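Participant: For reference, the structure I am asking about is given below.
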Ligand code: GLY
């Protein structure tokens, strides 16, 4: 179904109103954020700067190579597409150029190069045709393809984590990163990138997605022989639980894989995860960190909420099942309206829009702002108004 078929006049008017508020606020925030690459806001409400951190050689992943650094330029490219204001283009390019230094720091980069260079360089290339941006995207795709483990048919997630041996670790988040590989094959005509992406997606379908439609966060494979060693709860409540942001990466990620490949199993998998998400979304539309967490403390995650809403809107347009399409769109609207009504800031007391994001259930941080919640909120609203463009 099309967006117009699924939205009432009142929904459309509301989305248009939110879009207007986004554009007003972001015009001011972009001016005062010039030169920074933000992740979260400090006690005074102003954005921090991940490009100003001065990490040691092995800590680049917490500084300029921080995994969310593509989302600020992603916001700017979405705004540029919506309003054609060249200030957004200039600010996005400044970030993209600054991020080139990351390419020389192996330890800082891992599978999240997709989250980083898709909404930054690939978005730039899609909108402006910049050859520099295309080269950056292809270089990032090569790095991601280089993390493929042929014995286990998975893409390795992180480099070492403390003392942990992570050579066999794959995580659900990577379902988003592989969009970079689909793009690289489409751009170059070289099938290897897409083949790696599909092999990884097939492994995730088999070993991450449970019979009830929920997904685990981390699966450890034997990096030499393949085969599952064990699973971990990761950023969620426990092994076997349902970390909500992971469910969002799964349902949106498999929708993206279906868009790029047309493979029916990916659509069906996206729907199974989406059905689980819809069935567990409370009437309030406020999304917990984990659907299996105890009632108290009532940790929330607006990042997972906004990413899931975007995925549900995407899936509602992809599925041929009209009943499901209506359910997915209704759930997305419930979540986005809850964010707008109860979990947002529209004045200048805070640079971010979306509140109450959580890094993980146990380790936190809890109920802070995170730039990618704003990215996914803006992307979702622009999907509803027709002002956005598809980056992934
Ligand atoms: N990709 C890491 C996270 O969702 O926190």
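Bear in mind that the values in this text are calculations on the coordinates, not laboratory data. A quick note: this is a predicted structure, and the numbers were derived from the prediction, not measured. Neighbour counts run over all protein chains shown; Cβ positions are idealised from the backbone, glycine included.
Participant: What does the C-alpha gyration tensor say about the overall shape of the chain? Classify as rounded when a/c is under 1.5, otherwise prolate if a/b is larger than b/c, or oblate.
Facilitator: Taking the square roots of the gyration eigenvalues as a ≥ b ≥ c, the chain is rounded.
Participant: Could you sort the peptides 307-315, 79-87 by per-residue average Cβ neighbour count (10 Å cutoff), highest mean leading?
Facilitator: Most protected by this proxy first, the peptides run 307-315, 79-87.
Participant: Restricting to Cα pairs below 8 Å that are 6+ residues apart, what does the relative contact order work out to for the stretch 123-278? Please round to a whole percent.
Facilitator: Once divided by the residue count of the stretch 123-278, the mean separation gives 20 percent.
Participant: Separate question: I need the peptides 332-340, 162-170, 222-230 ranked by packing, meaning the mean over residues of other C-beta atoms within 10 angstrom, with the highest value on top.
Facilitator: 332-340, 162-170, 222-230
Participant: Counting only the backbone N, which residues of the stretch 280-299 are under 12 Å from the spot 7 Å out from the Cα of residue 341 toward its beta-carbon?
Facilitator: Within reach of a label on residue 341: 283-286.
Participant: Viscosity 1.002 mPa s, temperature 20 °C: Stokes-Einstein D of the stretch 301-392 from its Kirkwood Cα radius, in µm² per second?
Facilitator: Here the translational diffusion coefficient equals 157 µm²/s.
Participant: Relative contact order for the stretch 113-182: what is it in percent, counting Cα pairs under 8 Å that are at least 6 residues apart?
Facilitator: 34 percent
Participant: If you take the beta carbon distance between residue 202 and residue 28 as r and set R0 to 51 Å, what does 1/(1 + (r/R0)^6) give as a FRET efficiency, to the nearest 0.05?
Facilitator: That pair, residue 202 with residue 28, gives E of 0.65.
Participant: Relative contact order for the chain: what percent, with Cα pairs under 8 Å and sequence separation of 6 or more?
Facilitator: Here the relative contact order equals 18 percent.
Participant: Next up: Name the shape class, rounded, prolate or oblate, that the alpha-carbon gyration tensor gives for the stretch 96-148, where a ≥ b ≥ c are the square roots of its eigenvalues, rounded holds for a/c under 1.5, and otherwise prolate holds if a/b is larger than b/c and oblate otherwise.
Facilitator: Verdict is prolate for the stretch 96-148.
Participant: Using Cα springs under 10 Å in a Gaussian network model of the chain, which residue among 94, 220, 187 shows the largest mean-square fluctuation?
Facilitator: Per the Cα network of the chain with a 10 Å cutoff, 187 tops the list.
Participant: If packing is taken as the average number of other Cβ atoms within 10 Å across a peptide's residues, how do 175-182, 126-133 rank, most packed first?
Facilitator: The most tightly packed comes first, giving 175-182, 126-133.
Participant: Using the beta-carbon distance between residue 160 and residue 4 and R0 = 51 Å, what value does 1/(1 + (r/R0)^6) give for FRET efficiency, to the nearest 0.05?
Facilitator: Working from the Cβ atoms, E equals 0.55.
Participant: Moving on to the next point. Any chance you could check the Cα centroid distance between the stretch 164-178 and the stretch 233-253 for me, in angstrom?
Facilitator: Cα centroid to Cα centroid, the span is 13 Å.
Participant: Right, another one. Is the stretch 1-61 rounded, prolate or oblate when judged by the Cα gyration tensor, a ≥ b ≥ c being the square roots of its eigenvalues, rounded requiring a/c under 1.5 and prolate requiring a/b larger than b/c?
Facilitator: Prolate, since a/c reaches 1.5 and a/b exceeds b/c.
Participant: Quote to one decimal, in nm, the extra length available between residue 131 and residue 107 on full extension: 0.36 nm per residue of separation minus the C-alpha distance between them.
Facilitator: Once the chain is fully extended between residue 131 and residue 107, it gains 6.0 nm.
Participant: Computed FRET efficiency, Cβ-Cβ of residue 90 and residue 298, R0 41 Å: what is it to the nearest 0.05?
Facilitator: After rounding, the FRET efficiency stands at 0.45.
Participant: Which residue fluctuates most in the GNM of the chain (Cα springs below 10 Å): 36, 98, 355?
Facilitator: Fluctuation is largest for 98.
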